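Below is one structure; the comments refer to it alone.
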Amino acid sequence: MPENDVIIIGGGISGLAALHYLRRDKPSLKVKLFEAEPRLGGTIGTDRIDGYSFDSGPNGFLDREPLTLQLCDELGLKEQLERANESVNNRYILKGGRLRSVPMSPPKFLMADIISWPGKMRIAMEPFSKKRPDGIDESIYDFACRRIGREAADYLVQPMVSGVYGGVAQKMSLQSCFPIMREMEDEYGSLFKAMIAKAKAAKAKGKKSGGPSGPGGWLTSFKGGLDKIVVRFQEMYAPFISTGKNAESITRANDGFVVAFKDGSSETARNVIMATPSYETARMTARLSSELSQALGAIPYAPIAVVCAGYRTDQVKASVDGFGFLVPKKENRKILGSIWTSSIFAERAPQGMVQFRTMVGGDGFHESIDLTDEELLTAVKQDMGEIMHIEGEPHMVKMYRWKYGIPQYRVGHRKLLETIERELASIGGIHIAGNAYYGIGLNDCVKQSHKVAGLIS
Ligand SMILES: Cc1cc2nc3c(=O)[nH]c(=O)nc-3n(C[C@H](O)[C@H](O)[C@H](O)COP(=O)(O)OP(=O)(O)OC[C@H]3O[C@@H](n4cnc5c(N)ncnc54)[C@H](O)[C@@H]3O)c2cc1C
């Protein structure tokens, strides 16, 4: 008989959430979580330096997922939740070297200068767009061009895709990244008609509906930084967690699996939850199924660097009243965009200072990973200096570099998932969690881990 009922590999939010749900709902099961690094959290982390609070990866989640809010409650973190300031509604896109406001309502859209008048007319024709050819996994860019025209695709949609996924809209799959848009088109024949219908339905229920990319939500974190959730998991579940345990491979054993670790040790379990990045899961499962391993290994990742910089408020001549800005590819800048962290969450910079969180990299800039820290910082300072009219040097800089930062749901992603699901079903007992499959946000990770934990008995 295997020693454990469940082994969880990976101690990011996905693995930790799976551990929580198993302990909460199935306390009689013998569960262990193994994390390769000395610390838990994966891409979630917060550094507190000289009055600044820097998030290494994600800086929050949208409060639209009841499971995540419930999880925070169950972890005793409800009082620690921090909602972003109202100014998050002020968002900008760079066009012609100048920040333009992103219109959040139809009247504001008419007045906005982010899209030309012909571009606006083209958007207004959306209900009369050509139908999608049958049976294709359409790219987000093709979808946007077909429905709202090339200008809106370049200046509204593409920056959103790079902001969320670090992705290139021409390569990313609409049905995998924004399935709700495809459903809206299929059901109503038009995004506008769908939004009007949804707004009416929501109004009848006394609620506010979201935009075309999904239901709305408010950016939320924890007072002082996102790592509070990781610290709490560690406090609650320390006896079930081992850090510094790098899993090497998984093989079949009597009634279950053997997980072998790089330090030469091994553990057996009836079930294994792989909450690791897909390329790691691919490596570990190679001896279980080569088809599974190949499909997992075919999910690409984009690199991303987060450059956090602190300036005195008087050094920054542009307004920082807002969420931040995104940069369309056509603007030929090195940065993907910048988040004005200290305007969004209080106390992320000391009094009289501002914190910017600027992203570099993505699927369109893989070479970014080869930049030295100095080159990276120089690129950020140059773009931010010109766009935000910054004078002088930052007083504080903290950089985080993720070589395999964000999984890319490219056209064909759904097919890879079909292979992965089929192979997992035929093996039985191996489960996947994590951001490489059904959604990249923290909410998606929590949802997937909840689902997987529910499958295990
Ligand atoms: C720069 C950046 C910004 C982001 N911003 C946001 C945001 O604002 N909001 C949002 O919702 N999402 C955001 N995301 C996405 C979000 O961070 C991730 O989807 C989520 O944190 C992934 O969690 P995970 O547990 O699936 O994976 P990870 O966090 O990658 O955790 C996987 C864990 O597995 C461990 N591991 C790997 N291999 C092994 C092995 N062989 N043995 C044992 N352990 C192993 C790793 O060390 C790691 O701890 C962002 C991501 C990045 C990179």
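The values are calculated or read from the model by the stated rules, or taken from the named source; none is laboratory data. All figures in this text were calculated on a predicted structure; none of them were measured in a lab. Don't worry about glycine lacking a Cβ; one is built from the backbone with ideal geometry, like all the others, and counts go over all protein chains shown. Keep in mind that these areas ignore ligands, DNA and RNA; they rest on the heavy atoms of the full protein, side chains included. Shrake-Rupley method; radii C 1.70, N 1.55, O 1.52, S 1.80 Å.
What relative contact order, as a whole-number percentage, does region 331-457 give when Cα pairs under 8 Å and 6 or more residues apart are counted?
Numbers: 85 pairs, mean separation 19.6, N = 127.
Normalised by residue count, the contact order of region 331-457 is 15 percent.
Under the classification rounded if a/c is under 1.5, otherwise prolate if a/b is larger than b/c and oblate if not, where does region 31-87 fall, given a ≥ b ≥ c as square roots of the Cα gyration tensor eigenvalues? Oblate shape, in that a/c is at least 1.5 and b/c is the bigger or equal ratio. When the chain is described by a simple charge dipole with +1 on each Lys and Arg Cβ and -1 on each Asp and Glu Cβ, the residue from CYS145, ILE440, LEU77 located farthest towards its positive end is CYS145.
With all distinct Cα pairs included, what does the Kirkwood hydrodynamic radius of the chain come out to in Å, to one decimal, could you say? Don't jump to the answer; show the numbers that get you there.
Details: mean 1/r = 0.0429 Å⁻¹.
Here the Kirkwood hydrodynamic radius works out to 23.3 Å.
Distant-in-sequence amide contacts of ARG64, defined by a placed amide H-H separation under 5 Å and a gap of 5 or more residues or a different chain, comprise TRP218.
Residues whose amide H lies under 5 Å from that of TYR301, counting only those 5 or more places away or on a different chain, are GLN408; hydrogens are built 1.01 Å from N in the peptide plane.
What size of dipole, in debye to the nearest 20, comes out for region 300-407 about its Cα centre when the only charges are +1 on Lys and Arg C-beta atoms and -1 on Asp and Glu C-beta atoms?
240 debye
Residues in region 118-134 carry Karplus couplings, in order, of x, x, 5, 4, 5, 5, 5, 7, 3, x, 9, 5, 5, 6, 6, x, 4 Hz; the curve used is 6.51 cos²θ - 1.76 cosθ + 1.60 with θ = phi - 60°, and Gly or Pro positions show x. Full extension of the chain between LYS262 and GLN351 yields a length gain of 27.4 nm, computed as 0.36 nm times the residue separation minus the alpha carbon distance. Of SER190, SER319, the order by accessible heavy-atom surface (1.4 Å probe, DNA, RNA and ligands excluded), from most exposed downward, is SER319, SER190.
In this simple spin-label approximation, SER87 and ARG39 carry label points 7 Å from Cα along the Cα→Cβ vector, and these lie 2.8 nm apart. What do you get for GluC sites (Glu not before Pro) in region 1-100 restricted to DSSP loop and a cutoff of at most 16 other Cβ within 10 Å of the site's Cβ? Answer in residue order: GLU3. Between the listed residues SER266, LEU288, PRO239, the Cα displaced farthest toward the positive end of the dipole of the chain, a dipole computed from Cβ unit charges relative to the Cα centre, is found at LEU288.
Once all protein chains are placed together, ILE196 keeps about 100 Å² accessible to a 1.4 angstrom probe.
Rounded to the nearest 0.05, what FRET efficiency is calculated for TYR279 and VAL231 with R0 set to 35 Å and r the Cβ-Cβ distance?
Values: r = 28 Å, r/R0 = 0.79.
The formula returns an efficiency of 0.80 here.
Accessible area per residue for the chain is 45 Å², calculated with a 1.4 Å probe on protein heavy atoms, without ligands, DNA or RNA.
What number, rounded to the nearest 500 deg cm²/dmol, is the helix-based mean residue ellipticity at 222 nm of the chain, given -39500 (n - 2.57) per DSSP H run of at least four residues and division by all its residues? Estimated from H runs of four or more residues: -10000 deg cm²/dmol.
In order along region 424-439, the phi-based Karplus estimate (6.51 cos²θ - 1.76 cosθ + 1.60, θ = phi - 60°) of 3J(HN,Hα) comes to 5, 5, 6, 6, x, x, 9, 10, 10, 10, x, 8, 8, 10, 10, x Hz; Gly and Pro are listed as x.
Which value, in debye to the nearest 20, gives the size of the charge dipole of region 115-217 about its Cα centre, when Lys and Arg are +1 and Asp and Glu are -1 at the Cβ? Working shown, then result.
Working: 17 positive and 11 negative charges, 110 e Å.
For region 115-217, the charge dipole is close to 520 debye.
Can you tell me, using C-alpha contacts under 8 Å and at least 6 residues apart, the relative contact order of the chain as a whole percent? Please report the intermediate quantities before stating the final value.
Values: 916 pairs, mean separation 113.8, N = 457.
Relative contact order here is 25 percent.
If the chain linking ASP113 and ASP314 were pulled fully straight, counting 0.36 nm for each residue of separation and taking away their Cα-Cα distance, it would gain 69.6 nm.
In this structure, ALA124 and ASP321 have a Cβ-Cβ separation that, at R0 = 35 Å, corresponds to a calculated FRET efficiency of about 0.70. A Cβ-based charge dipole, computed about the Cα centre of the chain with Lys and Arg at +1 and Asp and Glu at -1, lands at about 1400 debye.
Candidates ILE196, MET181, GLN170 compared by Cα position along the dipole of region 115-217: farthest toward the positive end lies ILE196, with charges placed on Cβ. Label positions at THR378 and SER242, each projected 7 Å from the Cα along the C-beta direction, are separated by 4.7 nm. Spin-label model, HIS389/THR419: points 7 Å from Cα along the beta carbon direction are separated by 5.3 nm.
The trypsin sites (Lys or Arg not before Pro) of region 265-334 that DSSP puts in a loop, and whose beta carbon has at most 15 other beta carbons within 10 Å, are ARG287, LYS317.
3J(HN,Hα) couplings calculated from phi for region 163-171 with the Karplus curve 6.51 cos²θ - 1.76 cosθ + 1.60 (θ = phi - 60°) are, in sequence order, x, 8, 10, x, x, 9, 4, 5, 9 Hz; Gly and Pro show x.
Between GLU291 and GLU3, 0.36 nm times their residue separation minus their Cα-Cα distance comes to what? Walk me through the numbers before you get to the answer.
Numbers: separation 288, 0.36 × 288 = 103.68 nm, distance 2.82 nm.
Between GLU291 and GLU3, full extension yields 100.9 nm more.
Beta bridges per DSSP, both residues in the chain: antiparallel share near 75 percent. For SER249, list long-range residues whose amide hydrogen, built 1.01 Å from N in the peptide plane, is under 5 Å from its own amide hydrogen. It is ALA260, by chain and number.
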